[in-house]
Amino acid sequence: MILQALTDHYEVLVAQGKLDKPGWAKAKISFALCVNDQGALERVDITKILPPQDARKPVPTPRTMSLPAPVKRSSGIASNFLWDNSTYLLGADNKGKPQRSLECFYACKTLHHKLLDGVDSPAAKALLAFFDRWEPSQAQSHPALQDDWEELISSANLVFRYNGSFVHEDPLIRQAWQNHYDAEPDGPRMVCLVTGQEGPVEAVHPAIKGVVGAQSSGAALVSFNAPAFCSYGKEQNLNAPVSKQAAFAYTAALNYLIADREHTYRIGDGNTTILFWAKDGQSAYQGLLFGALLGDGDSSYTPGEIASMVKSLLQGNPVQYDEAMLDPDMEFYILGISSNAARLSVRFFLHNTFGDFLRNVHAHQKRLEIIHPANDKFDAIPLWKLLSATVNQNSRDKSPAPLLAGEVLRAILTDTRYPASLLNGVTLRIRADRQVDRTRAAILKAYYLKNPHPNIPKEVLTVSLNPACDDPAYVLGRLFSVYEAIQSAANPGINATIKDKYFNSAASTPAIIFPILGNLAQKHLRKLKGSNMGLCVFYEKQLGVLFSLLDPTIPNHLNLPQQGSFQLGYYHQVQDRYQKKEDTEHV
């Protein structure tokens, strides 16, 4: 299913002119070796391009060119056609293995003679003349290579230029490569698992490049490297037969998606890469999902405009976004991959309509809605902020658990139960920091709304304070907040409050701690009475209301869901106090 979806996406990208036809691929080129009719190297041209003037780092970058598809390389010697690094084109590098560099050059020379012998083109003849007369041992002293020698031999990609034009643009040379690529390869004929057509299969698939943590030479999505992975005597990818054309198509599409940094999402420790694509190839779908719902990327639309678009899409109506018409019934794919040395691991693969994915993410954001301070800049809590709420922000490594990130994203996109590890992570941070902020409270609320528990009723899981809720744990959390406010009012500027000493024990063993807190509150009220009688009366009335909701017998112990109720009650009461203070200040 994954390979089929990627192969279909490749056909769409080719039709849109975003990808090359089979046999060709994009490559980043830094230099061009200019040769004359006799094959002599006359000079080296820099092909790098300058970034925009407003770029943060105005450093020239390699130019992207459409070139013959690269070969799959691991530890063996295999040359690309018409382009490669200095090891193959010049027989020289900085790796300290001159004999191997020489072997690479002769492999490259053999390939070009094989494809270009008999091609009646001045450019082809000049290129073959270059390979015939070039002496790798003289490379370092060649005048044309002196100025850029260090960069030339540092894995930079090179092409050839003849008579002012790139050699790979010559029509006859291009046709020679296409004939070579399209020629039926040797190998067993089998039914392709992707296309369902019979033909020669690809033994080694092209590499996938750009995945964080994978080898720089690329990694394989489909690969077999040990007898234990093989069956019925089949070796390498003959265990999963994919035709040459399908192998090229799915890897080209995957490399294109990975290279699209604006619509590539990384979660966890950064080793999990999430790729999104619509069946019709319109990137506006990813733009809306990223900017509006996952809280990533820059959107040119206001939150109100985004909300209106989402509402219309959820009603089944198409909307205009970034000059594209978004269809809620458009098929949409989400693939999560991570690196595993020379291979890629599939974390998850999801297929649904864009409208359904949008509906699931919207439902998740609705569950997260909770009252928050006016200075909180986030209209909706993005995924990265949810994950960071489970991490100690004072530690050197602030990356959330890799498995947690994938599990949470999958739960959001499929509208299924949140993983227990999310709740555990947030609970541990609340206990360690004795702090319930907006994100942590929102996670508690969303988790128990999606994962109901009899010990935390829905009356607790509200956006703002529920003054009528008589759940004991919720009321105790509110009471703790009032006790803390009384202490702060009686002792202005106090550095540490009862929260720093008693918060965790009050949430777990309230019967032991709350009598102590009650006695402290009475002392603070007596102190407050002398300085601010009106405030003292206000707090006494609040205490009276809370005690009327509370059973005289305080629970001896609160389990984990009940502690969540306590923490939400505390957060709601704190925010209610701040909201009233802000309202008073604006009167």
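The values are calculated or read from the model by the stated rules, or taken from the named source; none is laboratory data. This one's a predicted model, so the numbers in the text were calculated from it and none came from an experiment. Neighbour counts are summed over all protein chains in view; Cβ atoms, including those assigned to glycine, are modelled from backbone coordinates with ideal geometry. Surface accessibility is based on the protein's heavy atoms, side chains included, excluding ligands, DNA and RNA. Shrake-Rupley method; radii C 1.70, N 1.55, O 1.52, S 1.80 Å.
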Given (1) touching a residue at least 12 places away in the same chain (Cβ under 8 Å); (2) under 23 Å from residue 60 (Cβ atoms), residue 149 misses just (1)
Query - Residue check, residue 245 without any contact (Cβ under 8 Å) to a residue 40 or more places away in the chain, buried (at least 16 other Cβ atoms within 10 Å of the Cβ) and polar (S, T, N, Q) - result: no
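Yes or no, residue by residue, for (1) out of contact with any Leu (no Cβ under 8 Å at 6 or more places or on another chain); (2) in a loop (DSSP other than H, G, I, E, B); (3) surrounded by fewer than 24 Cβ atoms within 10 Å (Cβ to Cβ):
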{"site": "442", "(1), (2), (3)": "no, no, no"}
{"site": "455", "(1), (2), (3)": "yes, yes, yes"}
{"site": "464", "(1), (2), (3)": "yes, yes, yes"}
{"site": "467", "(1), (2), (3)": "yes, yes, yes"}
{"site": "470", "(1), (2), (3)": "no, yes, yes"}
{"site": "474", "(1), (2), (3)": "no, no, no"}
{"site": "487", "(1), (2), (3)": "no, no, yes"}
{"site": "492", "(1), (2), (3)": "yes, yes, yes"}
Flagged in segment 132-157 as within 11 Å of residue 90 (Cα to Cα) and crowded, with 20+ Cβ neighbours inside 10 Å, in numbering order, are 134, 139, 145, 152, 153
Scanning segment 546-559 residue by residue, those assigned to a helix (DSSP H, G or I) and surrounded by fewer than 15 Cβ atoms within 10 Å (Cβ to Cβ) turn out to be 547, 548
Scanning segment 359-388 for residues that are more than 18 Å from the chain's Cα centre (by Cα) and either in a strand (DSSP E or B) or surrounded by 17 or more Cβ atoms within 10 Å (Cβ to Cβ) (or both) gives 359, 360, 362, 364, 365, 367, 368, 370, 371, 372, 380
Within segment 18-49, residues among the aliphatic types (A, V, I, L, M) and either surrounded by fewer than 20 Cβ atoms within 10 Å (Cβ to Cβ) or under 28 Å from the mean Cα position of the chain (by Cα) (or both) come out as 19, 25, 27, 29, 40, 41, 46, 49
Just a yes or no: is a residue in segment 240-250 over 24 Å from the mean Cα position of the chain (by Cα), part of a helix (DSSP H, G or I) and modelled with pLDDT under 80? no
A careful count of residues in segment 180-219 that are small (Gly, Ala, Ser), in contact with a strand residue (DSSP E or B) (Cβ under 9 Å, 6 or more places away or on another chain) and under 18 Å from residue 25 (Cβ atoms) gives 5
For residue 45, the lone unmet condition from (1) of a type in the set (Asp, Glu); (2) in a strand (DSSP E or B); (3) at pLDDT below 90 is (3)
Over segment 239-271, the set of residues hydrophobic (A, V, I, L, M, F, W, C), in contact with a Ser or Thr (Cβ under 8 Å, 6 or more places away or on another chain) and within 20 Å of residue 183 (Cα to Cα) is 246, 249
Open to solvent by less than 30 Å² (accessible area, probe 1.4 Å), farther than 16 Å from residue 156 by Cβ and either among the hydrophobic types (A, V, I, L, M, F, W, C) or touching a residue at least 12 places away in the same chain (Cβ under 8 Å) (or both): does that describe residue 15?
-> no
Inset, instruction - Determine if segment 217-226 includes at least one residue that is part of a strand (DSSP E or B), under 30 Å from the mean Cα position of the chain (by Cα), closer than 18 Å to residue 5 by Cα and aliphatic (A, V, I, L, M). - result: yes
